[in-house]
Amino acid sequence: MAPELVNGLEFSKASDVYSMGMIMWEITTGRKPFADVKHPHCIIFKILDGGRPKITEDTPECVKKLMERCWDPDPGRRPSMDEIHETLSDIRNEEFNKADQKRLELIELKKLGPEKPHPKAFYMRRSLSLYSNGLSLIEQGNEEYVTREYELDINNIT
C-alpha cells in the first residue's frame with residue numbers, strides 16, 4: 001500500500017506505480033513484501049517510516065533502480081507506467097543483446113557450437129522392423145522398460 005493511501009489520499013496512477021514496484025519485488029524474490037512483519041498495522045508504520053522490502057543482491061541494478069523509483073515517498077517523483085514499460089522493454093532488449101554477445105564469444109572460443117557426434121556412432125538407413133522386438137517387450141510390460149512417476153514433496157523430505 002502506497003504511503004499516501006495510508007494518509008487518506010485517493011488511489012491514483014502514482015499509487016498504482018508504487019504497487020507495481022512491489023509486484024516487481026515479488027517477481028524478483030518469489031516472496032511477499034513484509035511477510036516477516038507480524039501485524040498489518042506494523043506494516044503501515046514501517047511504510048510510513050520509509051521502510052521498503054530489501055532488494056536482493058541478485059536483482060539487476062537497472063531493475064533495482066526502477067523499483068526504488070516506484071517506491072519514492074513523493075508520488076510526483078515516481079515514474080509513469082509508460083516509463084516503466086519502456087524501461088522494462090529496454091532491459092529485456094539489453095539482456096538479450098548481452099546473451100547474444102556472450103553466445104558469440106563462446107562460439108569464438110569453441111566452447112559452444114554444433115554437437116560433435118560420438119566417435120563410434122554411425123548413421124545409415126535401417127528398416128524400422130529391427131526395432132519392433134524392443135517395442136513388443138515394452139508392450140508386454142517388461143519391468144526394464146517401465147517408466148514410473150514419483151511425487152516429491154520438497155517440504156516433507158526425511
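Tabulated values for the structure
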| item | result |
| --- | --- |
| Helices (runs of 4 or more DSSP H) within the range 1-109 that include 2 or more residues free of Cβ contacts under 8 Å to residues at least 12 places away in the same chain and not aliphatic (A, V, I, L, M) | 40-48, 61-70, 81-108 |
| In the range 29-45, residue surrounded by the most Cβ atoms within 10 Å (Cβ to Cβ) [restricted to those that are within 17 Å of S15 (Cα to Cα) and within 27 Å of the chain's Cα centre (by Cα)] | P33 |
| Conditions (1) hydrophobic (A, V, I, L, M, F, W, C); (2) over 25 Å from D90 (Cβ atoms); (3) modelled with pLDDT of 90 or more: number failed by I43 | (3) |
| Whichever residue in the range 60-72 is crowded, with 16+ Cβ neighbours inside 10 Å and of a type outside the set (D, E) and, among such residues, is nearest to V6 (Cα to Cα) | W71 |
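The values are calculated or read from the model by the stated rules, or taken from the named source; none is laboratory data. Note that the structure is predicted; figures quoted are calculated from it, not measured. No Cβ is skipped: glycine too gets one built from the backbone with ideal geometry, and neighbour counts run over all protein chains shown.
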